[in-house]
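**Q** Questions regarding the structure given below will be posed in turn.
What follows draws every value from the coordinates through simple rules; no lab data is involved. Everything numeric in this text was worked out from a predicted model, so none of it was measured. Backbone-built Cβ (ideal geometry, glycine too); neighbour counts: all protein chains shown.
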Ligand code: DC
């Protein structure tokens, strides 16, 4: 089994960008756990499931099968042979993913998948409950924080590049709404894991955060 570097934090705190860069520098595999919650939401919407209906989502999630493969420096996902790409990053998925990820059966299924992945190699896994609930025994648990205005500026720039037109106020409202649902849900809420190292990324460059994560990992 490989080791796991756990990266948690609120939406758009820089987790994916820095986790990808750390994976490249250390020659380990990047795992985007949020993409699995997005895939569940995408599939539920495709099958006409009401994402606010907990029972329907609980039953449906047992039918979703995801294939995992090692691709360059990451674990890639496909459903029925299709890699979802930006279809799982639309404003519609953003609006539905937090209620879907609050469903205990969804969390149990995705946590089960994530716990199998260290068989494929050393990992850096980013999400909301990675250090607190998925791999609580990992010595490498980091929580990235960031001011909400800076987070919405970063996310707006990414969304515009993907062709999703929104104002910064809409992006900020969507991020804060997701943070509220993610941190107040009963099962595995977004929180700093006991003993996790907190890095505030607001005033840091990507390289500075990457170096801070690698330093913390080496110290441990
Ligand atoms: O990281 P992201 O924005 O792509 O995550 C999408 C949603 O998935 C997020 O609003 C909450 C949920 N999520 C979660 O509950 N637990 C994780 N480990 C990762 C994501």
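**Q** In Å, the Kirkwood hydrodynamic radius of segment 164-212 over pairs of distinct alpha carbons? Let's see the in-between values first.
**A** Numbers: mean 1/r = 0.0742 Å⁻¹.
Value: 13.5 Å, from the Cα pair sum.
**Q** Here's another thing I want to ask about it. Where does the Debye-calculated log10 I(q)/I(0) of segment 110-220 sit at q = 0.11, 0.22, 0.24 Å⁻¹, using only Cα point scatterers of equal weight, no solvent?
**A** Here log10 of I(q) over I(0) equals -0.44, -1.30, -1.33.
**Q** Peptides 199-206, 123-130: what's the order by average Cβ count within 10 Å, highest mean first? Each step should come with its number before you reach the end.
**A** Details: 199-206: 14.9, 123-130: 27.0.
Output ranking for 199-206, 123-130: 123-130, 199-206.
**Q** Continuing with the same structure: Could you please state, rounded to a whole Å, how far the C-alpha centre of segment 4-44 is from the C-alpha centre of segment 157-220?
**A** A separation of 10 Å, based on Cα centres.
**Q** Stretched out fully, how many nm does the piece from residue 218 to residue 200 gain, at 0.36 nm a residue minus the Cα gap? Walk me through the numbers on the way to the answer.
**A** On the way: separation 18, 0.36 × 18 = 6.48 nm, distance 1.92 nm.
So the chain would gain 4.6 nm between residue 218 and residue 200.
**Q** Going by a ≥ b ≥ c, the root eigenvalues of the Cα gyration tensor, does segment 63-138 fall in the rounded group (a/c under 1.5), the prolate group (a/b larger than b/c) or the oblate group? Present the calculation step by step, with values, prior to reporting the outcome.
**A** Numbers: a/c = 1.66, a/b = 1.12, b/c = 1.48.
Oblate, since a/c reaches 1.5 and b/c is not below a/b.
**Q** With N denoting the number of residues in segment 14-169, provide Rg(C-alpha) divided by 2.2 N^0.38 Å, to two decimal places. Let's see the in-between values first.
**A** Details: Rg = 15.8 Å, N = 156, 2.2 N^0.38 = 15.0 Å.
Working it through for segment 14-169, the quotient is 1.05.
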